[in-house]
1. In segment 374-397, how many are over 14 Å from residue 338 (Cα atoms) and either touching a strand residue (DSSP E or B) at 6+ places or on another chain (Cβ under 7 Å) or crowded, with 19+ Cβ neighbours inside 10 Å (or both)?
2. Do we find that residue 65 is in contact with a helix residue (DSSP H, G or I) (Cβ under 9 Å, 6 or more places away or on another chain) and modelled with pLDDT under 90 in this structure?
3. Restricting to segment 246-255, what's the tally of residues that are touching a helix residue (DSSP H, G or I) at 6+ places or on another chain (Cβ under 8 Å), surrounded by fewer than 19 Cβ atoms within 10 Å (Cβ to Cβ) and assigned to a strand (DSSP E or B)?
4. Can you name every residue in segment 76-89 that is in contact with a helix residue (DSSP H, G or I) (Cβ under 9 Å, 6 or more places away or on another chain) and either over 21 Å from residue 245 (Cα atoms) or in a helix (DSSP H, G or I) (or both)?
5. Need the failing condition index for residue 156 against (1) at pLDDT 90 or above; (2) buried (at least 19 other Cβ atoms within 10 Å of the Cβ); (3) more than 20 Å from the chain's Cα centre (by Cα), just the number.
6. Quick check on residue 92: is it part of a helix (DSSP H, G or I), under 19 Å from the mean Cα position of the chain (by Cα) and either touching a residue at least 60 places away in the same chain (Cβ under 8 Å) or not assigned by TED's automatic domain parsing to the domain that holds residue 58 (or both)?
7. Consider residue 134 against the criteria (1) closer than 30 Å to residue 192 by Cβ; (2) surrounded by 21 or more Cβ atoms within 10 Å (Cβ to Cβ): it satisfies all of them except one. Which criterion is unmet?
């Protein structure tokens with residue numbers, strides 16, 4: 001997150017935000033969050049179980065003496081190394097490890113110097129409050145970094161070594177996602193592929209050292225499909241020895257990084273992919289989570305059901321609920337229930353609006369401004385209240401809280417063999433598409449997100465999607 005250099009334009013380095021400068025600011029912010037957490041811990045302790053002033057002072061002195069332990073923990077956890085904190089889950093893990101190192105040092109010092117004022121409550125409060133403060137601070141910092149990267153103000157200039165399909169795919173991926181913080185300033189290879197997104201082939205691999213200097217690049221991404229294995233080894237050694245960053249890219253895609261396990265076999269590096277296990281206790285846990293979550297939400301939202309039903313009846317003629325056949329796990333059909341948000345003749349009018357379908361590249365049918373949606377229906381969709389009756393489908397075991405979007409039989413008929421893998425799991429009330437795409441994505445992205453979920457399913461992944469859904473629903477992001 002921190003070893004970036006800011007550029008105003010290609011080849012133009014600015015000194016306003018160097019990697020060292022960014023790191024200093026982040027270290028200062030971490031220290032401020034750590035102090036804030038300790039102050040909050042002391043305030044809570046004095047409220048819950050007050051201690052004498054001199055004992056509280058002893059605790060603060062002990063905490064100050066433990067600061068090197070927190071610094072050591074940050075170094076051991078690589079808390080200020082960007083590539084070790086790319087994923088939010090990794091960053092959270094590193095924050096927790098850092099605090100545990102510091103708390104461990106505090107406890108050891110207390111035993112070594114026989115500080116009797118140290119209580120279990122104080123240790124717990126320090127751990128919990130400092131972790132919470134650091135996580136909040138890091139969340140704010142991550143958003144700030146993402147804004148800077150998206151605007152192009154904070155990026156690392158890189159070259160892509162290779163001109164094959166995989167190399168071009170990576171180029172387009174970096175162009176689509178500026179928040180990743182990388183700016184591709186050139187391709188390196190023997191084949192001339194023309195200008196792609198303003199990027200061209202700068203020269204052959206033999207001239208890489210000069211090309212890196214001329215392009216003011218700090219690292220490379222090597223497409224393994226383009227370079228001979230022997231050349232990859234020599235390039236990697238030489239570049240890393242000279243201080244350049246090196247990343248290797250294969251044609252593997254949409255496999256969650258948590259499933260990858262590096263292995264060394266007779267000097268060769270292999271990447272083992274952990275299988276996804278969907279049965280046994282995992283399936284039972286998922287079902288338990290579905291039932292508990294669906295019942296809880298159902299009880300809490302009952303008043304919304306009543307108000308929505310009355311509003312639908314007053315706004316337009318027709319039934320309160322809309323029922324439609326959808327395809328469930330294994331291709332088994334079921335009847336999905338939602339609050340009605342369209343006029344009763346919506347299906348008959350569909351052919352009139354076919355030319356306006358925003359998903360022209362696939363079997364989905366959606367309009368940016370669908371005239372069939374009622375006034376109340378538009379509000380119900382924007383707030384996702386129209387989805388609440390699907391909780392009944394979850395309780396029946398026809399759907400899950402998290403899964404791919406439940407598809408129509410007509411859509412399934414147009415799926416290819418690969419997309420039919422979606423039917424290996426229950427469709428969901430929320431999922432990757434609903435959270436990361438909703439109505440703003442193409443069919444290709446909808447397809448990729450759902451298959452990614454099926455291929456990388458885990459209970460932890462379901463929980464993260466549920467938590468993210470709360471924010472999406474509250475903001476109405478992507479709903480239509």
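1. 1
2. No: the conditions fail for residue 65.
3. 2
4. Within segment 76-89, 76, 82, 84, 88, 89 qualify.
5. (1)
6. The answer is no for residue 92.
7. Answer for residue 134: the failing condition is (1).
Yes or no, residue by residue, for (1) touching a helix residue (DSSP H, G or I) at 6+ places or on another chain (Cβ under 9 Å); (2) in the same structural domain as residue 69 (by TED's automatic domain parsing); (3) within 13 Å of residue 30 (Cβ to Cβ); (4) not in a helix (DSSP H, G or I):
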site: 102; (1), (2), (3), (4): yes, yes, yes, no
site: 107; (1), (2), (3), (4): yes, yes, no, no
site: 115; (1), (2), (3), (4): yes, yes, no, yes
site: 123; (1), (2), (3), (4): yes, yes, no, no
site: 138; (1), (2), (3), (4): yes, yes, yes, no
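The values are calculated or read from the model by the stated rules, or taken from the named source; none is laboratory data. Quick caveat: nothing in here was measured; it's all calculated off a predicted structure. Counting neighbours? That spans all protein chains shown, and the Cβs are built from the backbone with ideal geometry, glycine included.
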